[in-house]
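Only one structure is covered here, and it is reproduced in the block below.
All of the numbers you see were taken from the coordinates with simple rules; none came from a lab. Small disclaimer: the values here were computed from a predicted structure and weren't measured. Every residue, glycine as well, gets a Cβ built from its backbone with ideal geometry; the counts of neighbours run over all protein chains shown.
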Ligand SMILES: NC(=O)c1ccc[n+]([C@@H]2O[C@H](COP(=O)([O-])OP(=O)(O)OC[C@H]3O[C@@H](n4cnc5c(N)ncnc54)[C@H](OP(=O)(O)O)[C@@H]3O)[C@@H](O)[C@H]2O)c1
């Protein structure tokens with residue numbers, strides 16, 4: 001299954017619907033990030049990292065809504081990253097201009113820029129979707145990952161300079177099993193049964209939107225995420241963008257009428 005490709009997601013979701021009677025847990029862990037790669041569009045004409053890491057999970061969640069609704073405790077967990085700390089810096093905004101081809105002549109593509117944009121967009125989408133689907137009993141949350149030991153396969157994908165840095169980081173990062181246990185606990189523990197629209201840290205604590213003027217300790221720590229993530233207008237923008245991009249695939253989905261959604 002290819003998360004960057006709408007037809008592939010659609011085929012996968014129909015298989016799930018045909019094979020299982022309901023869906024209890026959906027974890028969006030897959031991520032595409034190719035070091036030093038030039039700007040590239042997906043088959044559906046969306047910048048490849050944004051397509052894979054944001055629009056794909058959006059489409060999949062919506063195509064599986066019917067099945068998630070059949071569960072009496074449906075939980076969706078999205079993998080976030082500490083890279084969103086970039087947005088602690090005031091005036092930093094997601095660049096939406098160059099997602100379907102380069103429209104700004106001055107735009108200089110970098111996968112790192114794209115990655116921090118998309119992880120912030122994904123967090124905003126988490127908050128927005130949690131609000132939309134709360135009446136369906138579907139709890140959507142996010143887990144901020146500060147680092148997890150990368151596999152040999154992943155390390156091979158790095159360019160040489162970055163590979164050295166990644167090897168050093170790996171010495172300090174927790175094992176994937178640790179993070180996997182967090183995923184599992186957040187999606188199964190009774191304690192989190194009613195939690196929705198939140199971002200967890202690696203200690204399974206619920207993080208808070210950052211203070212207006214974060215200190216170095218706030219930025220370094222894992223208590224806060226940037227307050228920018230709570231901006232309703234930008235959340236709405238990410239939601240509408242994803243809806244428009246996947247419109248043709250969502251004709252029979254159960255997304256509630258957008259007009260009835262009460263935005264905070
Ligand atoms: N590791 C860290 O230090 C760290 C830090 C912050 C956040 N995170 C987040 O944690 C999550 C897991 O990270 P990781 O380090 O385990 O990443 P990873 O080793 O690069 O694994 C990513 C996974 O995503 C899959 N994937 C990539 N493109 C795909 C596509 N188009 N369709 C379907 N699957 C696709 C890959 O499959 P293939 O192997 O088949 O390509 C791979 O299994 C990600 O969301 C990442 O952003 C990780």
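Here are the numbers for the structure shown:
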item: Gaussian network model of the chain, Cα within-10 Å springs - most flexible of 94, 168, 46; result: 168
item: Kirkwood Rh, Cα atoms: Rg over Rh of region 153-264; result: 1.05
item: Most mobile of 150, 207, 179 in a GNM of the chain (Cα contacts under 10 Å); result: 150
item: Cα gyration tensor category, rounded, prolate or oblate, for region 36-181 with a/c compared to 1.5; result: oblate
item: Gain on full stretching of the segment that runs from residue 154 to residue 136 - 0.36 nm per residue minus C-alpha separation; result: 2.8 nm
item: For the chain, calculated [θ]222 nm from helices alone, where every DSSP H run of n ≥ 4 adds -39500 (n - 2.57); result: -11500 deg cm²/dmol
item: Stokes-Einstein translational diffusion, the chain - Kirkwood Rh over all Cα pairs, 1.567 mPa s, 4 °C, in µm²/s; result: 68 µm²/s
item: Rounded to 5, percent antiparallel among DSSP beta bridges of the chain; result: 10 percent
item: Cα→Cβ-extended label distance, 7 Å offset, between residue 30 and residue 248, nm; result: 2.0 nm
item: Cα-based shape type of region 1-99, given that a ≥ b ≥ c are square roots of the gyration tensor eigenvalues and the cut on a/c is 1.5; result: oblate
item: Gaussian network model of the chain, springs between alpha carbon atoms under 10 Å - residue of 153, 189, 37 with greatest fluctuation; result: 153
item: Cα gyration tensor category, rounded, prolate or oblate, for region 47-109 with a/c compared to 1.5; result: oblate
item: Amide N of region 11-35 lying under 12 Å from the label point, which is placed 7 angstrom from the Cα of residue 193 along Cα→Cβ; result: none
item: Whole-number percent relative contact order across the chain, with pairs defined as alpha carbons under 8 Å at least 6 apart; result: 23 percent
